[in-house]
Amino acid sequence: MAELKSSKIDVENGKNEYNLFKSSLAQIGTIIVQNVIMLGFGMSLAIPTVVIGSLMSDKVDGGGGDSMTLTETEASWYGSVLLVCHPTGGLLSGVLQEIVGRKWCMALVSLPQLVGWYVLWRAGDPFDLYVSCVALGLSMGLSEAPVLTYVGETVEPRLRGPLSSVSTFTIMLGSFVAYLMSTVMPWRTVAMINMSVPIISFAAVVLLTPESPIWLLSRNRPDEAKKSLAYLRGCVSTADVEDEFSELSIYAGFNKSVDLEQYADCGIDQRRLSYVKYLQINTNDTTNAEMDIIANQNQIGFLETLRSFWSPEVSRPFFFIMLFFFFWSFATFIPAKPYLIDVFDEIGLPCTAQWTLVYTSLLTLVGTLLNVLTVAKFGKRPITLISMALCAFSMLGIGTYMLFTTYFSFLSTWIPMILLNALFFFSGYGVFPIPWMMVSEIYPTKGRGIASGLTAALAFLMTFVLTKLFLEMQEWFTLPGLFIVYGSITLVGTLYLFACMPETENKTLQDVEKFFIGDLDDYEEHDNQS
């Protein structure tokens, strides 16, 4: 929610100030609980790498006593179908979370995920593998938008940056755990163990996660919204959150009887104030019917959001973030993820490809954790630019090294090892988490769920295309050439972000909107003040 800077409002808030530590603990605990979902996301993302590494047809035994094998074509489909189903789940989640709420949309993620792990465990042929990927891909798509939206709607601005990056850290943790398990047990056993994750996440979300107060307000349920806010601020009484709830009601467009003049200079989103003023003028404040009108307007938010996509508040951040995700796909080297074991073997490293997979995953995990701890201090923009540049130079370096080994018989395995370490660490530190963090900040509150769902869907649709084409591109360019192509595109992406990326850390939503609608002077003034 937007920050309020008016001294008048600050004095009023001081009367019902709640314990800062308890509030922080409640928000951190809630976000960690709901991110059990993202643990399954990370495991789903990692499992094709494990299975393809075991079942490629050049092996006599499929691994772990398995007789099933995969051809190169089957492997390319299996490695990418997960990503093509993700957009479907993302689009569905944008609508579903507006209908059933953020909480129950997150809970429903567990159903297709459980089906996916069960089918994978019992798989007897490549078709079963495809079916498991369809279910796991849908669960991934269903999970992202409600998690991002929930953080944006429930977390205070002082915690929004670090907590919005927790989901990426949990995804990396899930991938690391899956890779680690694959070193000591067959992939079927990994799938069987992973069935426990959706069961645990369903129970955690249903029992320990309150519904988003903003969504409850949009459904004309103010009493429940106030109780939810009180829970998220440290299980305090509803009286203790009265002032913040009033501000939240204004921001959500629910409270139309307020005197807007007192909020004019408070940093509240002007888009929202205009909407409230419109309702004050055009509806009867003395009737309960107006609340039903608000609820109905929010329920058709999908069509409204589609119509509003050409407004600067939505279209400009949308095109910016989609270009960011385009370069993100290359900078993170994510299209190669299903084939990493073969990639590591071809590079030539001082340890086995299986263990390289584990320690590079650990480096990505450490980088993501460091992002959680430092993003509030350093800001998203400098972290992104430095990380993107280092990822670009790492890939260019690996490609150049492989060319030297081919044409000049130069061999020194520690060089690609160091470059791989840099690539995976810095992709986890800056490139991988930050665009997802920005999704929860750059869109208007009204319809944010649908917009973030569409963004996630298109981002993974791009990744699907690049993953499906990876083996073909490797044949065209060779692996060293592909590293150089990926590194060059990432370098172009670094220049693009240098020119176009705003700093959103510790900025109000109003400040972010001013950047995208072109009010750069006012944005830079706020930037200098902060």
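The values are calculated or read from the model by the stated rules, or taken from the named source; none is laboratory data. Small disclaimer: the values here were computed from a predicted structure and weren't measured. In this analysis, Cβ positions are derived from the backbone assuming ideal geometry, glycine residues included, and neighbour counts consider all displayed protein chains. Please note that ligands, DNA and RNA were not included when accessible areas were found on the heavy atoms of the full protein model with its side chains. Shrake-Rupley method; radii C 1.70, N 1.55, O 1.52, S 1.80 Å.
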Exactly one condition in (1) within 19 Å of the chain's Cα centre (by Cα); (2) modelled with pLDDT of 90 or more; (3) open to solvent by less than 40 Å² (accessible area, probe 1.4 Å) is false for Phe426; which is it?
(3)
Among the numbered criteria (1) open to solvent by 20 Å² or more (accessible area, probe 1.4 Å); (2) without any contact (Cβ under 8 Å) to a residue 60 or more places away in the chain; (3) closer than 20 Å to Gly493 by Cα, which single criterion is violated by Ile383?
(1)
In region 429-440, residue most open to solvent (accessible area, probe 1.4 Å) [restricted to those that are within 18 Å of Leu385 (Cβ to Cβ) and assigned to a helix (DSSP H, G or I)]
Tyr429
Mind listing just one residue for me: the one in region 395-408 that is farther than 18 Å from Pro350 by Cβ and either aromatic (Phe, Trp, Tyr) or over 38 Å from the mean Cα position of the chain (by Cα) (or both) and, of those, most open to solvent (accessible area, probe 1.4 Å)?
Tyr407
Here are some residues: Val100, Val95, Val115, Val119. Which one is free of Cβ contacts under 8 Å to residues at least 12 places away in the same chain and more than 16 Å from the chain's Cα centre (by Cα)?
Val100
Which numbered condition trips up Thr352, out of (1) in contact (Cβ under 8 Å) with a residue 40 or more places away in the chain; (2) open to solvent by 40 Å² or more (accessible area, probe 1.4 Å); (3) over 23 Å from the mean Cα position of the chain (by Cα)?
(1)
Can you name every residue in region 386-416 that is free of Cβ contacts under 8 Å to residues at least 24 places away in the same chain, in a helix (DSSP H, G or I) and among the hydrophobic types (A, V, I, L, M, F, W, C)?
Phe404, Ile415
Would you say Val190 is over 21 Å from the mean Cα position of the chain (by Cα) and more than 30 Å from Leu232 (Cα to Cα)?
yes
Taking Asp243 as meeting all but one of (1) surrounded by fewer than 21 Cβ atoms within 10 Å (Cβ to Cβ); (2) touching an Asp or Glu at 6+ places or on another chain (Cβ under 6 Å); (3) closer than 22 Å to Val33 by Cβ, write down the number of the exception.
(3)
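So which of Val358, Val314, Val366, Val375 ends up being touching a residue at least 40 places away in the same chain (Cβ under 8 Å), open to solvent by 60 Å² or more (accessible area, probe 1.4 Å) and β-branched (Val, Ile, Thr)?
Val366
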Condition set among the aliphatic types (A, V, I, L, M) and open to solvent by less than 30 Å² (accessible area, probe 1.4 Å), scope region 198-231, selection farthest from Leu142 (Cα to Cα): answer is Ala230
Region 476-525, residues that are at pLDDT 90 or above and either within 25 Å of Gly152 (Cβ to Cβ) or polar (S, T, N, Q) (or both):
Thr478, Ser488, Thr490, Gly493, Thr494, Tyr496, Leu497
Check region 139-147 and report whether any residue there is modelled with pLDDT under 90, over 23 Å from Ser218 (Cα atoms) and assigned to a helix (DSSP H, G or I).
yes
With the structure loaded, tell me whether Leu419 is modelled with pLDDT of 90 or more, part of a helix (DSSP H, G or I), open to solvent by 30 Å² or more (accessible area, probe 1.4 Å) and touching a helix residue (DSSP H, G or I) at 6+ places or on another chain (Cβ under 6 Å) or whether it fails that test.
yes
Can we say Ala26 is in a helix (DSSP H, G or I), at pLDDT 85 or above and either closer than 17 Å to Pro186 by Cα or more than 31 Å from the chain's Cα centre (by Cα) (or both)?
no
Can you name the residue in region 70-116 that is touching a strand residue (DSSP E or B) at 6+ places or on another chain (Cβ under 9 Å) and open to solvent by less than 50 Å² (accessible area, probe 1.4 Å) and is also farthest from Ile200 (Cα to Cα) among such residues?
Leu70
Has region 384-400 got at least one residue that is of a type in the set (Val, Ile, Thr) and in contact with a Gly (Cβ under 7 Å, 6 or more places away or on another chain)?
yes
Matching entry among Met181, Met195 (being open to solvent by 10 Å² or more (accessible area, probe 1.4 Å) and without any contact (Cβ under 8 Å) to a residue 24 or more places away in the chain):
Met181
